[in-house]
Amino acid sequence: MAPVACSGRAVGCLARGLQAEPALKKYDAIVIGAGHNGLTNAAYLAKSGLDVAVLERNDYIGGATVSRELYPGWTYSNCSYVCSLLRPELARDLELPRHGLQVVPYGGGVTFKRDGDYYGNYYDHNRQYREMARHSKRDANAYERYATDVMKQTRLIRPYLLRRPPDPTSLKLRDLRDLLGFARSFTEMGEEGLADTLKFWTKSVGDYLNEYFETDVIKAHLGGTGVIGTALGVYSPGTAYVLLHHYMGDVDGNVGSWGFARGGMGAVAGALAKSFQAFGGEIICGADVDRIMVSHGKVKGVALRDGTEYRANIVVSNLDPKRTFLDVMDESDLPEDVVRKAKNFKIRGSSGKLNIALDGLPTFNGLDQNSPLMLGDMHFTDSLERLERAYDDWKEGTWSKDPYVDMLIPSQTDPTMAPPGKHMMTVFVQYAPPRINGGEWTDADKAGFEKSVIDQIAAYSPDFRDLILHCETRTPREIEAEVGLTEGNIFQGELTFDQLLFNRPFPGYAQYRGPVRGMYMCGSGTHPGGGVMAAPGANAAREILMDLRRPDVVPGGYADD
Amino acid sequence: MTDNYDVIMVGAGHNGLVCATYLAKAGRKVLVLEAGDSPGGAAASREFAPGYSVSSCAQWLYQLHPRVSRDLKLEKHGLELAARDLASVLLDVDGQHLSVLGPLAEGGRLGGEDRDAYKLFHEKTLKYAKLISRLFESRPPGLVEANLADRFALVKLGVRLKLLGREDMSDLMRIVLSNMYDLMDEHFDSPQLKALLSVDSVLGSRMGPRTPNTVFGYLYRRVGEVFGYTGVAQVKGGMGALGEAMAASARARGVELRLGSRVRSIDMFNGQVTGVTLASGGQLRAPVVVSNADPVTTFEKLVGFRNMETGMARRVSQIRCDGGAAKLHLALDGLPRFNGLEDAQLAQRLVIAPDMNYIERAFNAVKYGEYSAAPVLDISIPTVSDPAGAPPGCHVLSAIVQFAPFEPAGGWEGASAAAGESHREHFTRLVLAKIAEYAPGIREQVVASELLTPADLERGHGMKGGHWHHGELSLDQVMMTRPFPGATQYASGLDGLYLCSAGAHPGGGVMGLAGKNAAREIIKRGAPV
């Protein structure tokens, strides 16, 4: 196995020293940041025939879609860790499978209870029904209705992922037409369907689940996805949408299911990079952009921290909105409202991560090691109340003392992640605030955070602690420092409904265009948001090509389910 | 059995009386049945200790629609204000109180920058409140099965939004979905100012400042300013006097009002509402029944789930109407002294909530069915402006207390962790201790006290869950989804049954608009055959 399938070198990106070109080469377009959206955007610009360069600060590409070998023999998907939302239209169109992407679906999943029992999530429909009925017959029956209702919302939203959001304040023909289209697809649902949709978008995941289920552990198992990556609790209105956000993906057409990218999430970035390079694009690593150069209201290119300049009339930022407008752009080049809106943009991190190399497969209370439940996501929070209390800690400016974890052992499904017989565990942790009581994270805080997670897992697994060979702990501080996600927010901005659709990242700039001519945004901070979807990158490319009056090479969304 | 009523109204709450009066004005013969022995519903006054009386639920008047007031000739029928244009004062332990009235914020530790920022914020949000208030004055438009009137209403809304201008329109569409905590941080530095405005956004509901939706809650309250109230007003004789004035107005229009007449059920035959059965056994018939009870009580208790389709029953049972606010009444043998507050200022609205995190922590408790250890208080001392409510020289303190669950585990009379007292006693002690931090001598002045929990409010006023607004005012339960799809335009979805309570659009607060809009809808849908 290649040590790390997608390090920058492996996909042939140029280290800056090795660059053959003179420093002043002019490109048609420059994309800042080789995250999955930056690469997608660049791939489509290159596909349409433009001369495109992607500049990446790190020595490896991928942003938060990355695989790294931080312990010899183990591959960590050390930021994003599972795959589902990646738009199939794009994966197909950019021929990602040909470029090495293989997504293997996983079933299973389990929430362990404090009383020693657990609730399992089986792949088989009848087995699942029996498991639910073991806890509550009523819930088992309600699940049918729940699945249908959530799927209805999913179907509704999927076609809009690959479209730009219409601007309701605009009187332009295209916006009015888009708005009318929106309105029409909503009115097709009828008054009640529409009301249900409005409710779904504005409700808390806790309230939503309470409408269907009575069993704590079932609600907790389903409800966790409503707060992942989000600085809200399960009782906060708006979190039902976050649940939907995690449902609207698919693996090979199985809507709502999740999978592992073989070789870790870096495989996604790797395949995108190869696709981009196949269209003639160029990736330059170790290129730390200092600022976007603007002259007379037009973009001229970018300047690196070491003084090197790259010229282009199109500059696309894959950075989050705060970094884009407050770091790499000069305040004097921007309208006053953009600076204010960027400052007010909500991007508080709420999550941390532990990546753990294990000497063997741990055993968990009451669960057979060969159980298919082990293959999926494992949790230890058995009630919505415990989930909500974990959020209260975040509000108080500290990490959760009883954290919610989304824990997986992908090496059971993908043997490339760890040596034979050994295992790799990824533990996503909710909640961890961007700052501790208003101050920076210290190493002692980080150790405290790590301990609360390890203790949580060890309370359900007697041999877990002894199997740990290496543990990489990432608080929002580490996520920001390495990947450049401000405040460690994994979605490049909170997915609250005041920051979705035409409000993402903020009103007036939700159609990927920046306030300066030639400047664009393509990160998860734009519609439709984060989660390794690649849709923002593709949508931004479509807008850029439209402005350049070039043919649209970006596929539109289609409902294929 | 007299069968010659056109309309039977269940409940003489303020919306029921408003609706009945408008119907009578249009020539309908209306009978209003009220279980209690006084009209007004949550606009009520009660003697809670010998010689001491108080507005037992709502305590301030700040949203009553001027048109309703005029049409019902409430002043002629006895409505009088004891005080109006009262400022909201955020109490400070050291006496540095912040006072806000209309666009003016003064005192406290407020910097000049915040004072100016508040003026701008006030102006901007008033504009938004104005737009929202227009929506309140008519039935919520249908979005899909829209008739010409609905389409026209939608177009008008669209035009009004556009007329805000691009910047304000997009700002409104962003913040209305947002939470108060972040909005306050965007605009102000002063923790006092942020806290005082945040209290307005969560009053009467089960939300904290960080809860998305709370900006809507704030704009909702600001609608009162559009209706002519700068600050809050106090009704002479307590809110019960408003109920009495409305009842007098209704009677003058020929409405028959029967107090102490509890409705046991709303009766149906072949899917058509036929009348009501009284708890005393008698039956009354009318082609139209209007319920002023909250939607859950109406459908679950009065109509009965077995008389409706399961989807509808499910929607009713999903309405969130758990209250989060309690009420504390204190009978005092003298005027309380608050640090740094002059006696004249005691007539104003006094608020205890030092900062937004304090409010948020107070809210945390109620999520888990507990009451706040350090609660948020909205205090009125009505006897300063209206001495008739207490014996000479004595006073009444009335406070809205947040947050309290419907019932803590074990019930309000159950033993609290602090052994030797019930939850009710414990919470009363906590609230009193909190007031005493600002008014140190108050404990010695207390002659009698009464705590009304959400459970008590449900018992006393028939409001399910003890929720003042007959259902949470969150975005999933307002406008086109209030109380639930299929029953949003006052017609309940059951032939002959209409809704006119705060559980219908536009919601709670003593506004009178739910009653007024419902009457118009009932009249428009044609005279009953």
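Which one of B:Asp37, B:Asp71, B:Asp114 is surrounded by fewer than 23 Cβ atoms within 10 Å (Cβ to Cβ) and in contact with a Phe, Trp or Tyr (Cβ under 6 Å, 6 or more places away or on another chain)?
On the way: B:Asp37 fails: in contact with a Phe, Trp or Tyr (Cβ under 6 Å, 6 or more places away or on another chain); B:Asp71 fails: in contact with a Phe, Trp or Tyr (Cβ under 6 Å, 6 or more places away or on another chain).
The conditions single out B:Asp114.
Where residues in region A:304-317 are among the aliphatic types (A, V, I, L, M) and over 21 Å from A:Gly529 (Cα atoms), which of them is surrounded by the fewest Cβ atoms within 10 Å (Cβ to Cβ)? First the steps, then the outcome.
Residues of region A:304-317 among the aliphatic types (A, V, I, L, M): A:304, A:312, A:314-316.
Of the ones still in play, those that are also over 21 Å from A:Gly529 (Cα atoms) are A:304, A:312, A:314.
Details: A:Leu304: 19, A:Ala312: 24, A:Ile314: 21.
Top of the filtered list is A:Leu304.
Would you check which residues across region B:360-412 are among the acidic types (Asp, Glu) and away from chain A (no Cβ under 14 Å) and list them?
Listed by number, the residues that qualify are B:Asp378, B:Asp386, B:Glu407.
Among the residues of region A:418-425, is any over 30 Å from B:Ile359 (Cα atoms) and either in a helix (DSSP H, G or I) or without any contact (Cβ under 8 Å) to a residue 24 or more places away in the chain (or both)?
So the first thing to find is which residues in region A:418-425 are over 30 Å from B:Ile359 (Cα atoms), and the list is A:418-425.
Pick out the ones that are also either in a helix (DSSP H, G or I) or without any contact (Cβ under 8 Å) to a residue 24 or more places away in the chain (or both) and you get A:420.
Scanning region A:418-425 turns up at least one residue that is over 30 Å from B:Ile359 (Cα atoms) and either in a helix (DSSP H, G or I) or without any contact (Cβ under 8 Å) to a residue 24 or more places away in the chain (or both).
Considering every residue within region B:319-334, establish whether at least one is free of Cβ contacts under 8 Å to residues at least 24 places away in the same chain, closer than 25 Å to B:Val199 by Cα and either within 14 Å of another protein chain (Cβ to nearest Cβ) or more than 22 Å from the chain's Cα centre (by Cα) (or both).
Taking region B:319-334 first, the residues free of Cβ contacts under 8 Å to residues at least 24 places away in the same chain are none.
No, because not a single residue in region B:319-334 is free of Cβ contacts under 8 Å to residues at least 24 places away in the same chain, closer than 25 Å to B:Val199 by Cα and either within 14 Å of another protein chain (Cβ to nearest Cβ) or more than 22 Å from the chain's Cα centre (by Cα) (or both).
Is it the case that A:Arg163 is in contact (Cβ under 8 Å) with a residue 40 or more places away in the chain, farther than 29 Å from B:Pro483 by Cβ and of a type in the set (D, E, K, R)?
Working: in contact (Cβ under 8 Å) with a residue 40 or more places away in the chain: yes; farther than 29 Å from B:Pro483 by Cβ: yes; of a type in the set (D, E, K, R): yes.
So A:Arg163 passes the test.
Are there any pairs with C-beta distances below 6 angstrom linking a residue in region B:132-150 that is within 11 Å of another protein chain (Cβ to nearest Cβ) to a residue that is in a loop (DSSP other than H, G, I, E, B), with the two at least 6 apart or on different chains, and if so which?
B:Pro140/B:Thr488; B:Pro140/B:His505; B:Asp150/B:Pro141; B:Asp150/B:Gly142
Going through A:Val103, A:Val110 one at a time, which residue ends up being closer than 17 Å to A:Met407 by Cα and among the aliphatic types (A, V, I, L, M)? Outline the logic, then answer.
On the way: A:Val103 fails: closer than 17 Å to A:Met407 by Cα.
After ruling out the rest, the residue left standing is A:Val110.
Does A:Glu480 satisfy being in a helix (DSSP H, G or I) and either touching a His at 6+ places or on another chain (Cβ under 7 Å) or at positive phi (or both)?
Values: in a helix (DSSP H, G or I): yes; either touching a His at 6+ places or on another chain (Cβ under 7 Å) or at positive phi (or both): no.
No, not satisfied.
Are there any strands (runs of 3 or more DSSP E) wholly within region B:177-293 with 2 or more residues that are more than 20 Å from the chain's Cα centre (by Cα) and either surrounded by fewer than 21 Cβ atoms within 10 Å (Cβ to Cβ) or at pLDDT below 95 (or both), and if so which? Can you show your working first?
Working: elements: B:232-235, B:256-258, B:263-269, B:272-278, B:283-285, B:288-291.
Counting at least 2 such residues, we get B:256-258, B:263-269, B:272-278, B:283-285.
Which fully enclosed helices (runs of 4 or more DSSP H) of region A:30-143 have 1 or more residues being in the same structural domain as A:Val316 (by TED's automatic domain parsing), modelled with pLDDT under 95 and charged (D, E, K, R)?
Numbers: elements: A:36-47, A:88-93, A:125-135.
Passing ranges, in order: A:88-93.
Report, by residue number, each residue of region A:204-217 that is among the charged types (D, E, K, R) and facing chain B (nearest Cβ under 9 Å). Don't jump to the end; show me each part of the working.
Filtering region A:204-217 for residues among the charged types (D, E, K, R) gives A:207, A:211, A:214, A:216.
If the condition is that a residue be among the charged types (D, E, K, R) and facing chain B (nearest Cβ under 9 Å), then A:Asp207, A:Glu211 are the ones that fit.
Being at pLDDT 85 or above, assigned to a helix (DSSP H, G or I) and either small (Gly, Ala, Ser) or over 14 Å from A:Tyr146 (Cα atoms) (or both): is that true of A:Leu222 here? Before the answer, list the steps.
Details: at pLDDT 85 or above: yes; assigned to a helix (DSSP H, G or I): yes; either small (Gly, Ala, Ser) or over 14 Å from A:Tyr146 (Cα atoms) (or both): no.
Answer is no for this residue.
Restricting attention to region A:495-503, does a residue exist that is within 30 Å of A:Gly286 (Cα to Cα), surrounded by 23 or more Cβ atoms within 10 Å (Cβ to Cβ) and within 14 Å of another protein chain (Cβ to nearest Cβ)?
Restricting attention to region A:495-503, the residues satisfying the condition of being within 30 Å of A:Gly286 (Cα to Cα) are none.
No.
Got a sec? Which of B:Ala293, B:Ala286, B:Ala313 is within 14 Å of chain A (Cβ to nearest Cβ) and either among the polar types (S, T, N, Q) or within 28 Å of B:Ala12 (Cα to Cα) (or both)? Break it down into steps so the answer makes sense when it comes.
On the way: B:Ala293 fails: within 14 Å of chain A (Cβ to nearest Cβ); B:Ala286 fails: within 14 Å of chain A (Cβ to nearest Cβ).
One residue alone meets the criteria, B:Ala313.
Kindly establish whether B:Arg349 is closer than 25 Å to B:Val396 by Cα, among the charged types (D, E, K, R), away from every other protein chain (no Cβ under 12 Å) and buried (at least 18 other Cβ atoms within 10 Å of the Cβ).
Values: closer than 25 Å to B:Val396 by Cα: yes; among the charged types (D, E, K, R): yes; away from every other protein chain (no Cβ under 12 Å): yes; buried (at least 18 other Cβ atoms within 10 Å of the Cβ): yes.
Judged against the criteria, B:Arg349 is a match.
So, of the residues in region A:181-203 that are aliphatic (A, V, I, L, M) and in a helix (DSSP H, G or I), which turns out to be farthest from the other protein chains (Cβ to nearest Cβ)? So that I can check it myself, show each step before the final result.
We begin by selecting, within region A:181-203, every residue aliphatic (A, V, I, L, M); these are A:183, A:189, A:194-195, A:198.
Now restrict to residues that are in a helix (DSSP H, G or I): A:183, A:194-195, A:198.
Working: A:Ala183: 9, A:Leu194: 6, A:Ala195: 3, A:Leu198: 6 Å.
Here the answer is A:Ala183.
If we keep just the residues of region B:162-199 that are within 12 Å of chain A (Cβ to nearest Cβ) and among the polar types (S, T, N, Q), which is farthest from A:Lys203 (Cα to Cα)?
Here the residue is B:Ser170.
Residue-wise test of (1) over 30 Å from B:Tyr368 (Cα atoms); (2) crowded, with 24+ Cβ neighbours inside 10 Å.
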{"residue": "A:Ala240", "(1), (2)": "no, yes"}
{"residue": "A:Val289", "(1), (2)": "yes, no"}
{"residue": "A:Leu319", "(1), (2)": "yes, yes"}
{"residue": "A:Arg348", "(1), (2)": "no, no"}
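Residue check, A:Arg386 against (1) among the basic types (Lys, Arg); (2) buried (at least 18 other Cβ atoms within 10 Å of the Cβ); (3) more than 27 Å from the chain's Cα centre (by Cα), all met but one. Which one?
Result: A:Arg386 fails condition (3) only.
Find all pairs meeting these conditions: Cβ atoms under 7 angstrom apart; at least six residues apart or on different chains; first residue within region A:340-360 and within 14 Å of chain B (Cβ to nearest Cβ) and over 14 Å from A:Asn489 (Cβ atoms); second residue of a type in the set (D, E, K, R) and surrounded by fewer than 18 Cβ atoms within 10 Å (Cβ to Cβ).
Once the first residue is within 14 Å of chain B (Cβ to nearest Cβ) and over 14 Å from A:Asn489 (Cβ atoms) and sits in region A:340-360, its partners that are of a type in the set (D, E, K, R) and surrounded by fewer than 18 Cβ atoms within 10 Å (Cβ to Cβ) give A:Asn344/B:Glu186.
Can you name the residue in region A:181-210 that is within 28 Å of the chain's Cα centre (by Cα) and among the acidic types (Asp, Glu) and is also modelled with the lowest pLDDT among such residues?
Only one residue fits best here, namely A:Asp196.
Which pairs turn up if I take residues in region B:241-263 that are closer than 22 Å to B:Ala83 by Cβ and look for partners that are in a helix (DSSP H, G or I) with beta carbon separation below 8 Å, at least 6 apart in sequence or on another chain?
Final answer for the pair search is B:Leu242/B:His14; B:Gly243/B:His14; B:Gly243/B:Leu17; B:Met246/B:His14; B:Met246/B:Leu17; B:Met246/B:Val18; B:Met246/B:Thr21.
Checking B:Asp294 against (1) of a type in the set (Asp, Glu); (2) in contact with a helix residue (DSSP H, G or I) (Cβ under 7 Å, 6 or more places away or on another chain); (3) under 28 Å from B:Leu203 (Cα atoms): exactly one of these is not met. Which one?
All conditions pass for B:Asp294, except number (2).
What's the total number of residues in region B:338-387 that are of a type in the set (Asp, Glu) and part of a loop (DSSP other than H, G, I, E, B)? Walk me through it before giving the result.
So the first thing to find is which residues in region B:338-387 are of a type in the set (Asp, Glu), and the list is B:342-343, B:355, B:360, B:370, B:378, B:386.
Subset that is part of a loop (DSSP other than H, G, I, E, B): B:342, B:355, B:370, B:386.
So the count comes out to 4.
Quick one: which residue in B:Ala527, B:Ala502, B:Ala514, B:Ala491 is modelled with pLDDT under 95 and either touching a helix residue (DSSP H, G or I) at 6+ places or on another chain (Cβ under 8 Å) or surrounded by 24 or more Cβ atoms within 10 Å (Cβ to Cβ) (or both)? It would help to see each step written out before you state the result.
Values: B:Ala527 fails: either touching a helix residue (DSSP H, G or I) at 6+ places or on another chain (Cβ under 8 Å) or surrounded by 24 or more Cβ atoms within 10 Å (Cβ to Cβ) (or both); B:Ala502 fails: modelled with pLDDT under 95; B:Ala514 fails: modelled with pLDDT under 95.
Result of the check over B:Ala527, B:Ala502, B:Ala514, B:Ala491: B:Ala491.
Looking at region A:30-52, which of its residues are small (Gly, Ala, Ser) and surrounded by 24 or more Cβ atoms within 10 Å (Cβ to Cβ)?
Taking region A:30-52 as the starting set, the residues that turn out to be small (Gly, Ala, Ser) are A:33-35, A:38, A:42-43, A:46, A:48-49.
Scanning region A:30-52 gives A:Gly33, A:Ala34, A:Gly35, A:Gly38, A:Ala42, A:Ala43, A:Ala46.
The values are calculated or read from the model by the stated rules, or taken from the named source; none is laboratory data. Quick caveat: nothing in here was measured; it's all calculated off a predicted structure. With ideal geometry, Cβ positions are generated from the backbone for all residues, glycine too; neighbour counts draw on all protein chains shown.
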